[in-house]
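Bear in mind these aren't lab numbers, they're just calculated from the coordinates by the rules spelled out. If you're wondering where the values come from, they're calculated on a predicted model, not measured in any experiment. No Cβ is skipped: glycine too gets one built from the backbone with ideal geometry, and neighbour counts run over all protein chains shown.
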Amino acid sequence: MALISTWFFVFLIASLIIYYILPIKIRYVALCLSSAVYMYFAGGILGTIVLASFVILGILFAKIMQSQFFSGEARSGLKRLVYIISMLLPVAALLLFKYINPFGIEAPMGIAFYLMTFMGFMTDAYQGAIREKISPVGAGLIIGFFPMMTSGPIVRYGENATNIKEGHKFCYINILHGIQRILWGTFKKLIISERCAVIVNTVYAAPDTFSSAFLVFAIFAFVLQLYTDFSGCMDIVVGAAEMFGIKLPENFDTPFFSRNVSEFWRRWHITLGAWLKDYVMYPVLHSELFRKFKKACKNKIGKKHGEKPALYLSMFISWTIIGYWHGGSLKYIFGVGWWFLAIIVLGELLSPFFGWIKRVLKIRTNNTSYHIFESLRTLMFVGVGLSFFRAASFSVGIDYWKCIFTNAQNQKGMLFSNDIYSLGLDLQDILVLIVAFIILLLVSIIQYKNAKKGTSVRGWLDQQNLVFRWTVYIILIFAVVIFGKYGQGYNAADFIYQGF
Amino acid sequence: MSRQEILDSVNSVFREVFDRDEITVNEETTAADVEGWDSLRHITLIEAIEDEFDMRFKMNEVTGMKNVGEMLDIIAERI
């Protein structure tokens, strides 16, 4: 049962009806039931068993670690043991089903996402970060709430998704906002992402037959494909949750307006980045071992730069995990991990030099044009990394780049000529893609500007008159139905991050 | 040590870590208010404060504190 399918929407409506029919105190029952049924149909019997096991384990471990029995220092060793077991189980499950996979079976649905939530939850429970009494319903739902099974978000008990456990009153605006978000996500996915996919698949299938211009173009088409795919998926997830009155954390915050790569990663797949920062990078840096390492470095190379080796080492660990998490192969470890680390470290090492250039050339940095320059530069770095993400393997990615540097003009591929049809889209598709892209760009600019003021696009839409609002909705619905790429030959059902 | 004295010491740590003499933080200051207070600088700052007061923050406090006031609460509790 994919997120964009008739079945999912029928299922969602049925769940909503049951949810709002039940008395408010037991509405969570509908969520638990829906989540179990959803997993059974979408993830099969194995997926259901694995999820159910971790939901039960999560509740048990969290309650045990929070219990009075472990409250003092007296049994801290035993508590530590419980914590270690609670962390080894998900790590073992991930390695077994996903990264090593000795039995050759398909990984149970969603484990790369909900087990991250699980491990963070265990850590919070162990450290006493959760002050309130842990509710079994809340604990079960942050792990297994069905909209999050496709691609997250990764949530934190008591920090975000805080209203997941209580029943919510029926509220027209929640339903409306939920439908808006789902519609917008479907627009991104079916109209933009699926068209980009055609271009990307065509070019990546035979990179040696295309010119450098087309090869570079395809890389940016993939960036757009991935963004509209993943963020479109998140729009549907957040929108579906919203219809139950539940607020899930956002995973994207207009990432392409970022001025540098680090900022990009704070605005792209936000909940994964936050997870790594809170549960990997900080603990590593804060550990006794690293503190000693830092002290030693400070004594050797001075106070100013003495912190850097420890910092870079901890970043190396985090970025390697980010890359590995995506699928374990070198193309991810390099393309989503080390490449970005290299850019960040190089950027920092060279910053005195760049600062000097800016001073000599008297470049003003506090204006829109410089911001655009920085965003384009960031986009370029992101494109290079993601070109490996898309390639079949790391070495195929290298070959792709060899083609970029050696395929000059002789292959098909002058942009702005009839060669453009060799990318797999006809004129109508290309025009639809361009128009949809402009709409996305405009909405993103409004989102970015509004975020600074604390307002939103939907807030703006809510203030318009009924006729205008419904015109927008109807245009969007028709656009998705008419221009969406679905049906035979298209696998719109599949989201890229669903595979992780 | 009074709360004001703790705040004064915290301020001098901030100035040293961010290498800017004009920085002054108060109870309500958050990371968003101080230029350069990002996730990497945060850990440097935490450790400089730990050295200054000869105490340790717990891991969940490192990631959980919302403003300088909460930082002062923890310091006051532990020195």
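See the values below:
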| read-out | value |
| --- | --- |
| Helix-only mean residue ellipticity at 222 nm for the protein assembly as shown, each DSSP H run of n ≥ 4 adding -39500 (n - 2.57), per residue, nearest 500 | -21000 deg cm²/dmol |
| Cβ-Cβ FRET estimate between A:K452 and B:E35, R0 fixed at 25 Å, reported to 0.05 | 0.95 |
| Additional length obtainable on full extension of the chain from A:K303 to A:N418, 0.36 nm per residue less Cα span | 35.3 nm |
| Two-site FRET efficiency, B:E5 against A:K169, from Cβ-Cβ distance with R₀ of 60 Å, rounded to 0.05 | 0.75 |
| D_trans [Stokes-Einstein, Kirkwood Rh over alpha-carbon pairs] for the stretch A:263-371, 37 °C, 0.692 mPa s, µm² s⁻¹ | 206 |
| Net charge, B:E22 excluded, C-beta distance under 15 Å - Lys, Arg +1, Asp, Glu -1 | -3 |
| Centre separation in Å (Cα based) which lies between the stretch A:179-209 and the stretch B:37-67 | 43 |
| Rg/Rh for the stretch A:325-366, where both radii come from Cα atoms and Rh is the Kirkwood radius | 1.27 |
| The stretch A:263-371, dipole about Cα centre (Lys/Arg Cβ +1, Asp/Glu Cβ -1), debye to the nearest 20 | 560 |
| Quotient of C-alpha Rg and 2.2 N^0.38 Å, computed over chain B | 0.98 |
| Those residues of the stretch A:110-139 whose amide nitrogen sits under 18 Å from the label point placed on A:Q68, 7 Å along Cα→Cβ | A:132-135 |
| As computed over the stretch A:6-149, the Cα convex hull volume per residue (Å³) | 106 |
| The stretch A:309-444: Rg to Rh, with Rh as the Kirkwood radius over Cα pairs | 1.04 |
| Packing-based order for A:428-436, A:26-34, using average beta carbon neighbours within 10 Å, highest first | A:26-34, A:428-436 |
| Dimensionless Rg over Rh [chain A; C-alpha; Kirkwood] | 0.98 |
| Pairs from A:K25/A:K133; A:K298/B:K66; A:K98/A:K331; A:K79/B:K58 whose Cα-Cα separation, in the structure shown, is over 22 Å | A:K298/B:K66 |
| Estimated FRET transfer efficiency when R0 is 51 angstrom, pair A:L78-A:T406 (beta carbons, to 0.05) | 0.20 |
| Ranked by how many other beta carbons lie within 10 Å on average, peptides A:326-337, A:180-191 from highest | A:180-191, A:326-337 |
| Potential lengthening between A:F373 and A:I179 on full extension [0.36 nm per residue; Cα-Cα distance subtracted] | 66.3 nm |
